[in-house]
């Protein structure tokens with residue numbers, strides 16, 4: 001909406017409140033010079049975040065040392081050891097062959113996760129650019145590049161960076177299956193789904209959600225939904241050879257996914273995403289919730305590409321967002 005009479009555009013955001021129960025709306029301006037400064041600052045931050053992915057304490061911690069101990073075994077021994085460890089084999093097999101080339105020093109074994117994390121960044125950019133446009137893709141790239149969660153696991157000898165990469169590839173494969181014809185996109189979705197499941201069992205949660213959404217869309221978008229379900233089914237077939245080992249793991253190892261979890265895990269996930277449990281991390285996780293709320297409430301103004309229209313309405317879904325943000329605040333024990 002245009003600036004109100006008597007309000008200077010140079011004074012900052014332009015606010016106008018419509019009467020009669022209508023929504024309050026704000027234009028958030030983004031001047032050309034400010035955009036250039038922000039872009040330059042973002043490039044510097046991106047460079048620093050890339051370096052941070054390869055910086056870590058010199059010694060491996062317990063889980064990392066366990067990963068290396070398993071990965072250095074011959075492949076038959078590696079698969080047998082994992083039956084007592086609780087994890088699927090894909091990351092350990094990749095680490096096994098990585099160590100044959102680069103060695104088993106702390107920097108070498110952590111380098112696999114760092115390289116995988118760096119490879120994820122252009123994929124995130126590409127997919128976001130295709131779906132939402134360049135400006136949003138750039139914002140998402142900066143947010144993910146600077147994420148304490150991503151940086152932490154990029155510098156650890158664990159499978160989580162690989163799982164993140166495969167999740168991004170899953171999004172790309174789903175888009176290809178829905179938008180394209182032929183068997184290759186479906187086969188690609190099956191390969192990526194199987195790789196996710198063979199990296200970490202928590203990937204079953206994502207696969208289940210995708211499957212439920214595809215089932216819901218069967219009536220209105222029958223053909224794409226069927227193609228998605230076939231791709232997910234191929235992924236499950238790829239995981240099937242690991243099922244006997246999974247049964248042994250479930251019966252004899254203390255796998256963290258075997259027990260029931262509660263709503264409190266949402267707060268734990270936000271803390272992990274923000275990089276820990278200290279006050280600074282809790283403040284960041286609260287800011288992330290507020291950013292999500294801003295993303296839901298913000299609408300781009302097509303008439304003025306450099307502006308965002310912020311619309312506030314007392315809808316039930318938005319009240320729920322505020323409730324989550326408030327719960328996040330109290331769970332941080334401020």
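Under the 0.36 nm per residue contour assumption, what length would be gained going from the current alpha-carbon distance of residue 129 and residue 175 to full extension? Display every interim value, and only then the final one.
On the way: separation 46, 0.36 × 46 = 16.56 nm, distance 1.29 nm.
Net length gain for the segment: 15.3 nm.
Note on residue 45 and residue 62: their simple-model spin labels are 3.5 nm apart, each label 7 Å out from Cα toward Cβ.
Directionally averaged projected area (segment 163-233, Cα convex hull): 4.0 nm². Of the peptides 231-239, 218-226, the order by per-residue mean of other Cβ atoms within 10 Å, starting with the highest, comes out as 231-239, 218-226.
Computing FRET efficiency as 1/(1 + (r/R0)^6) for residue 222 and residue 97, where r is the C-beta to C-beta distance and R0 is 45 Å, gives about 0.60.
Distance between the modelled labels on residue 136 and residue 204, one decimal in nanometres: 3.3 nm (7 Å Cα→Cβ projection).
Every read-out reported here was derived from the displayed coordinates using simple, explicitly stated rules and does not represent laboratory data. All values reported here derive from a predicted model rather than from experimental measurement. As a convention, Cβ positions derive from the backbone with ideal geometry for all residues, glycine included, and neighbour counts pool all protein chains shown.
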